[in-house]
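**Q** Got a structure for you, written out below as structure tokens; questions coming shortly.
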Amino acid sequence: MFNITIKDTYDEVSAEAFKIMKEVLSGDHTPVLGLATGSSPVGLYKEMIRDHEENGTSYKDIITFNLDEYIGLPRDHRESYWTFMHVNLFNHVDIPDENVHVPLGCGEDPEADCAAYEAELAKYTADVQVLGIGSDGHIAFNEPGCPFDSVTHIMDLTEQTRRDNARFFDNDINQVPTKAATMGLASIMRAKKIIMIATGENKADAIYGMIKGPKTVDCPASILQDHPEVYVFLDKAAASKL
Ligand code: GLP
């Protein structure tokens, strides 16, 4: 069930998304948050930092699980998702590092690390999962063709995804890792609520596929048609094909 909000600017989109996050943060129990990387949620994270600073919202008991991580990048690499989350959120709130979970991309046995991540995730239910969407319809790093019943696994990244993400790697696709560890589609669907943020024209086809297209592994985000509570925050460009 999609609840769609369309706004003019990225800042407005982020402020609207924060309203749902704030409800979760103010609920009757300390929440478990599923978090995402990419440019789309950065404005939401800024709102969360502002709320922490201005209103004293505390993260000291909050548990977080991130969606994915590149295989082969050490955690301290400038483009690892571990680094991204610390720079854009964790370093600015009072969350203890032991409460933070990000898949391990640099271990000796990535398959075993994925299984361990899924086992830890299975102990919890995320109150909300933040998502962006790839221009090919991927969520987390679940690329087209990935089965709907997938759990945390290793995924080969498509050429399109690596091209899209080259902007973070000196615009050089050869520096973009070829694989990622990612929560599966079934892992994501367990979250109670989903916040999906997408802006810009290059997301319009993926957003159309997610909401109006057939439910198919060719557009992994279309699995969200089966989720009971998906809040979608778009600008006009991302909503232009709806
Ligand atoms: C990456 C991430 C996804 C993210 C997507 C879109 O591929 N693994 O989780 O949704 O990029 O990123 P952006 O928000 O920067 O457009």
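The values are calculated or read from the model by the stated rules, or taken from the named source; none is laboratory data. All of these numbers come straight from a predicted model, not from anything done at the bench. Positions of Cβ are backbone-derived with ideal geometry, glycine not excepted, and every protein chain shown enters the neighbour counts. Remember, those area values only see protein heavy atoms, side chains included, never the ligands or the DNA or RNA. Shrake-Rupley method; radii C 1.70, N 1.55, O 1.52, S 1.80 Å.
**Q** Here is a list: Leu185, Leu131, Leu121. Which entry is farther than 26 Å from Ala238 by Cα and of a type outside the set (Val, Ile, Thr)? Spell out the reasoning first.
**A** On the way: Leu185 fails: farther than 26 Å from Ala238 by Cα; Leu131 fails: farther than 26 Å from Ala238 by Cα.
Being farther than 26 Å from Ala238 by Cα and of a type outside the set (Val, Ile, Thr) holds for just one of Leu185, Leu131, Leu121, which is Leu121.
**Q** Still on this model: Limited to segment 3-20, what total is found for residues that are polar (S, T, N, Q) and either more than 19 Å from the chain's Cα centre (by Cα) or over 23 Å from Lys212 (Cα atoms) (or both)? Before the answer, list the steps.
**A** Taking segment 3-20 first, the residues polar (S, T, N, Q) are 3, 5, 9, 14.
Right, trim to either more than 19 Å from the chain's Cα centre (by Cα) or over 23 Å from Lys212 (Cα atoms) (or both) and you get 9, 14.
Looking only at that region, the number is 2.
**Q** Working only within segment 57-80, note down all residues that are aliphatic (A, V, I, L, M) and open to solvent by less than 10 Å² (accessible area, probe 1.4 Å). Before the answer, list the steps.
**A** Of the residues in segment 57-80, the ones aliphatic (A, V, I, L, M) are 62-63, 67, 71, 73.
Ile62, Leu67 - these are the residues of segment 57-80 that are aliphatic (A, V, I, L, M) and open to solvent by less than 10 Å² (accessible area, probe 1.4 Å).
**Q** Shifting gears a bit: From (1) more than 12 Å from the ligand (Cβ to nearest atom); (2) under 18 Å from the mean Cα position of the chain (by Cα); (3) exposed (fewer than 14 other Cβ atoms within 10 Å of the Cβ), pick out the condition that doesn't hold for Asn202.
**A** (1)
**Q** Please work out if Met155 is open to solvent by 10 Å² or more (accessible area, probe 1.4 Å) and closer than 29 Å to Arg78 by Cβ. Give the derivation first.
**A** Details: open to solvent by 10 Å² or more (accessible area, probe 1.4 Å): yes; closer than 29 Å to Arg78 by Cβ: yes.
Yes: the conditions hold for Met155.
**Q** Shifting gears a bit: Could you tell me whether segment 149-167 includes any residue that is touching a strand residue (DSSP E or B) at 6+ places or on another chain (Cβ under 8 Å) and β-branched (Val, Ile, Thr)? Show your work before the answer.
**A** Our first condition is that a residue be touching a strand residue (DSSP E or B) at 6+ places or on another chain (Cβ under 8 Å); within segment 149-167, this holds for 150, 152-157.
Cutting the leftovers down to β-branched (Val, Ile, Thr) gives us 152, 154.
The answer is yes, given that some residue of segment 149-167 is touching a strand residue (DSSP E or B) at 6+ places or on another chain (Cβ under 8 Å) and β-branched (Val, Ile, Thr).
**Q** Also: Looking at segment 110-118, is at least one residue open to solvent by 20 Å² or more (accessible area, probe 1.4 Å), touching a helix residue (DSSP H, G or I) at 6+ places or on another chain (Cβ under 8 Å) and at pLDDT 95 or above?
**A** yes
**Q** Any residue in segment 225-242 that's within 14 Å of Ser14 (Cβ to Cβ): show its pairings with residues that are open to solvent by less than 40 Å² (accessible area, probe 1.4 Å) and basic (Lys, Arg) at Cβ separation under 7 Å, as long as the two are six or more apart or on different chains.
**A** Ala238/Lys203
**Q** All but one of (1) within 13 Å of the ligand (Cβ to nearest atom); (2) open to solvent by less than 40 Å² (accessible area, probe 1.4 Å) hold for Thr83, so report the exception by its number.
**A** With respect to (1) within 13 Å of the ligand (Cβ to nearest atom); (2) open to solvent by less than 40 Å² (accessible area, probe 1.4 Å), Thr83 is out only on (1).
**Q** On to the next question. Just give me the residues in segment 36-56 being more than 15 Å from the ligand (Cβ to nearest atom) and open to solvent by 20 Å² or more (accessible area, probe 1.4 Å), in sequence order.
**A** First, pick out the residues of segment 36-56 that are more than 15 Å from the ligand (Cβ to nearest atom): 47-56.
Once the filter is applied, which keeps residues that are more than 15 Å from the ligand (Cβ to nearest atom) and open to solvent by 20 Å² or more (accessible area, probe 1.4 Å), segment 36-56 yields Glu47, Ile49, Arg50, His52, Glu53, Glu54, Asn55, Gly56.
**Q** Which pairs turn up if I take residues in segment 172-195 that are open to solvent by 50 Å² or more (accessible area, probe 1.4 Å) and look for partners that are of a type outside the set (Val, Ile, Thr) and more than 15 Å from the ligand (Cβ to nearest atom) with beta carbon separation below 6 Å, at least 6 apart in sequence or on another chain?
**A** So the pair list comes out as Lys192/Asp127.
**Q** Evaluate the following for Ser222: is it under 27 Å from Phe18 (Cα atoms), within 14 Å of the ligand (Cβ to nearest atom) and not in a loop (DSSP other than H, G, I, E, B)?
**A** Working: under 27 Å from Phe18 (Cα atoms): yes; within 14 Å of the ligand (Cβ to nearest atom): no; not in a loop (DSSP other than H, G, I, E, B): yes.
No; evaluated as a whole, the condition is false for this residue.
**Q** Considering only residues of segment 128-182 that are under 14 Å from the mean Cα position of the chain (by Cα) and more than 24 Å from Tyr208 (Cα to Cα), which is nearest to the ligand (Cβ to nearest atom)?
**A** Going through the qualifying residues, I end up with Ala180.
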